[in-house]
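Structure first, then comments.
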Amino acid sequence: MASSEFASGAVVLPDVTILKNLNRDLFQLNLGYLMLVREYADRDMVMAKKLFRNIPAVVLERMAELPPQRLAHVARAITTPVLYPGLNENGWNMVLGVMDNELQPAELSEYLLGVLLNER
């Protein structure tokens, strides 16, 4: 049976702390993945292209050149896990745009959230 809160039509919002923790965990997941990709791309591009087939070659090549601070900037902008296989070519091009300071991180975040919501 529904509680009186739900019966009254009140909207229950998630705790802000939970949302902050989820955001932090997503950032750490994405940063760890991007750093792993960067290490492989920096050491052995041929192997990186085989291991990370979902990432376009031009993005891998650019990742190998980026300093970790720049990857952190990109990871913070990504609103979905990078491991998510549905990130299309346009999404990766936008990631490349953030890497090269040609695109604002907020634009990437908005695009990725839209892609995720449209698939449900």
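Rule-based calculations on the coordinates, nothing more; no lab input. No experiment lies behind these values; they were computed from the predicted model shown.
If I model segment 14-118 as equal point scatterers sitting on the Cα atoms and use the Debye formula, what is log10 I(q)/I(0) at q = 0.12, 0.15, 0.16, 0.17 Å⁻¹?
Values, matching the q order: -0.38, -0.59, -0.66, -0.75.
Each residue of segment 57-68 in order: what ³J(HN,Hα) in whole Hz does its phi give by Karplus 6.51 cos²θ - 1.76 cosθ + 1.60, θ = phi - 60°, with x for Gly and Pro?
Coupling constants for segment 57-68: 4, 5, 6, 4, 5, 5, 4, 4, 8, 6, x, x Hz.
Using each residue's phi in segment 17-30, evaluate 6.51 cos²θ - 1.76 cosθ + 1.60 at θ = phi - 60° and report the 3J(HN,Hα) Karplus result to the nearest Hz, with x for Gly and Pro.
Karplus values, whole Hz, x for Gly and Pro: 4, 4, 5, 5, 5, 4, 4, 5, 5, 5, 4, 5, 4, 5.
How much length would be gained if the chain were fully extended between residue 107 and residue 65, taking 0.36 nm per residue of separation minus their Cα-Cα distance, in nm to one decimal? Don't jump to the answer; show the numbers that get you there.
Working: separation 42, 0.36 × 42 = 15.12 nm, distance 2.29 nm.
Taking 0.36 nm per residue and subtracting the Cα distance, the gain is 12.8 nm.
Step through the residues of segment 42-49 one at a time and calculate ³J(HN,Hα) from phi using the Karplus curve (6.51 cos²θ - 1.76 cosθ + 1.60, θ = phi - 60°), rounding each to whole Hz and writing x for Gly and Pro.
Calculated HN-Hα couplings, in order: 6, 8, 8, 5, 4, 5, 4, 5 Hz.
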